[in-house]
Amino acid sequence: MKPVTLAKIAKGSIITFSLIGIIICGFWYPFSISLTTIGITDTAPTSQQIVRFWVQLIFYWVVSVPCFFVLILFWKISTAIRYDSVFDNRVSNQIKRCAIILFSDVVVFFVGNSIFAIWKWNSFLLVHFIIGIIGLLFAGFLVILSYYVKKAANLQEMVDGTI
Amino acid sequence: MIVINVDVMLAKRKMSVTELSEKVGLTIANVSLLKNGKIKAIKLSTLNKICEVLECQPGDVLEYKESI
């Protein structure tokens, strides 16, 4: 498969993930948080319920921002794929940066979810704890990938300098 | 450090960089890198070809100088 094709696949995946992220942030979060904090009721929500709703919603929006930033970094990496220059120390550093951002985001995510769980437990939080664990595993995978891309970059530099 | 004296041998054999690159099978860019000492490694097969084309010994092309 040619690097151009691989880059198109990577960019297509990033766009798809971005759209899914926007749909989750824009529609699923408000809908499911309102279900778990306010519920389906004919009466007006209490001020406590409204506060809980907005605090949770704003928190999940804020922790989603680093994920979009990671997608931007992946977009830059897909440009490197297009020019077949993935085995480069800059790419390795970008992957490592993604891992650090994701890991920090997951830590904040877990802390926030724990506070919400103490406040009032619901199944929405359980799903997010599982998503957090998946995020943590993905961050770990990125650390490993960064290490091997760096190793490959050093080998590439050696090969490029060999005649 | 290893110093590459290809330009000395090219002058002795009155050969151009282009001619050397064609005979050895390297790109002109790689021969330039070789001349300027910017290569990191050289394959024995390449060194073999260079010595064959320039009719010289490896020691005529490669020289060790103590780095300061």
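The values are calculated or read from the model by the stated rules, or taken from the named source; none is laboratory data. Please read these numbers as outputs of a predicted model, since none were measured by experiment. Cβ placement follows ideal geometry from the backbone for every residue including glycine, while neighbour counts extend to all protein chains displayed. Each accessible area value is taken on the protein alone, full model and side chains, heavy atoms only, with ligands, DNA and RNA left out. Shrake-Rupley method; radii C 1.70, N 1.55, O 1.52, S 1.80 Å.
Taking a ≥ b ≥ c as the square roots of the Cα gyration tensor eigenvalues, segment A:98-163 comes out prolate, since a/c reaches at least 1.5 and a/b is larger than b/c. Within the listed set B:SER45, B:SER21, B:SER32, the residue fluctuating most in the Gaussian network model of chain B (springs between alpha-carbon atoms under 10 angstrom) is B:SER45.
Buried surface for the B/A pair, taken as the accessible area of each chain alone minus that of the pair with a 1.4 Å probe, is close to 600 Å² in total. Of the GluC sites (Glu not before Pro) found in chain B, those in coil by DSSP whose Cβ has at most 16 other Cβ atoms within 10 Å are B:GLU55, B:GLU66. Mind checking the per residue accessible area of segment A:24-69 for me, 1.4 Å probe, whole number of Å²? Roughly 61 Å² per residue, with all protein chains present.
Loop-located chymotrypsin sites (Phe, Trp or Tyr not before Pro) in segment A:7-102 (DSSP state not H, G, I, E or B) with no more than 15 neighbouring Cβ atoms inside 10 Å: A:TYR83. Pairs over the 30 Å Cα-Cα cut-off, from the set A:LYS96/B:LYS65; A:LYS151/B:LYS43; A:LYS96/B:LYS43: A:LYS96/B:LYS65; A:LYS96/B:LYS43.
Annotation for B:LYS12 and B:SER32: the two label points, set 7 Å from Cα along the Cα-Cβ direction, are 2.6 nm apart. Per residue, the accessible area of chain B comes to 67 Å² when a 1.4 Å probe rolls over the protein heavy atoms.
Taking chain A as the reference, fit the longest principal axis to its C-alpha atoms, fit the long axis of helix A:47-82 to the helix C-alpha atoms, and give the angle between the two in degrees, 0 to 90, nearest 10. Helix A:47-82 sits roughly 10 degrees off the main axis of chain A.
Could you tell me which of rounded, prolate or oblate describes chain A, using a ≥ b ≥ c as the square roots of the eigenvalues of the alpha-carbon gyration tensor, with rounded for a/c under 1.5 and, failing that, prolate when a/b is larger than b/c and oblate otherwise? The shape class here is prolate.
Does chain B come out rounded, prolate or oblate by the C-alpha gyration tensor, with a ≥ b ≥ c the root eigenvalues, rounded set by a/c under 1.5 and, if not, prolate when a/b is larger than b/c and oblate if not? Prolate, because a/c is 1.5 or more and a/b exceeds b/c. For B:LYS23, the aspartates and glutamates whose Cα falls under 13 Å of its own Cα, not counting residues fewer than eight places away in the same chain, are B:GLU52, B:GLU55.
Distance between the modelled labels on A:VAL159 and A:LEU6, one decimal in nanometres: 1.0 nm (7 Å Cα→Cβ projection). Amide H contacts of A:THR162 (H built 1.01 Å from N, in plane; Pro and chain starts excluded): B:LYS40, B:ALA41 sit under 5 Å, all sequence-distant by 5 or more or on other chains.
Taking 0.36 nm per residue of sequence separation and removing the Cα-Cα distance, the A:SER104/A:TRP61 pair yields an extension gain of 13.9 nm.
Rounded to the nearest percent, how much of the accessible area of chain A (1.4 Å probe, protein heavy atoms only) is carbon and sulfur? Carbon plus sulfur share of accessible area: 74 percent.
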